[in-house]
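Data block below; observations after.
The values are calculated or read from the model by the stated rules, or taken from the named source; none is laboratory data. Small disclaimer: the values here were computed from a predicted structure and weren't measured. A quick note on method: Cβ atoms are made from the backbone with ideal geometry, for glycine too, and the neighbour counts reach across all protein chains shown. Only protein heavy atoms, including side chains, enter the accessible area calculation; ligands, DNA and RNA are left aside. Shrake-Rupley method; radii C 1.70, N 1.55, O 1.52, S 1.80 Å.
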Amino acid sequence: QAVLDTEAKPRPWRVPWYERHVQPCAAELLGTALFTFLGCLSVLEDAGGTGQLQPALAHGLALGVTVAVLGSI
């Protein structure tokens, strides 16, 4: 008479391929696009006398927003 194995071992959880490959690539694409877009927009129209401060603040803001929104990926 065969003994039934009632205590089956749970399989280890694997990260889905989407979370492993697609999400990081999408986050990198969106972050780079936002960073580049806002950086280029910041130097199109000079506010007069801001010099390098305006692009630096725009890039810093873009980086902060990107990390806050996409940081969990």
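A search for C-beta distances below 8 Å between a residue of region 52-73 that is on the phi < 0 side of the Ramachandran plot and any residue that is of a type in the set (D, E) and at pLDDT below 80, counting only pairs 6+ apart in sequence or on different chains, returns Q54/D46.
Just to verify a result, which residue in region 50-73, among those that are small (G, A, S) and part of a helix (DSSP H, G or I), is least open to solvent (accessible area, probe 1.4 Å)?
Narrowing region 50-73 to residues small (G, A, S): 51, 56, 58, 60, 62, 64, 68, 71-72.
From what's left, part of a helix (DSSP H, G or I): 56, 58, 60, 62, 64, 68.
Numbers: A56: 62, A58: 22, G60: 44, A62: 1, G64: 39, A68: 84 Å².
Top of the filtered list is A62.
Which one is nearest to the chain's Cα centre (by Cα), of the residues in region 9-25 that are open to solvent by less than 80 Å² (accessible area, probe 1.4 Å) and free of Cβ contacts under 8 Å to residues at least 40 places away in the same chain? Going through the qualifying residues, I end up with V22.
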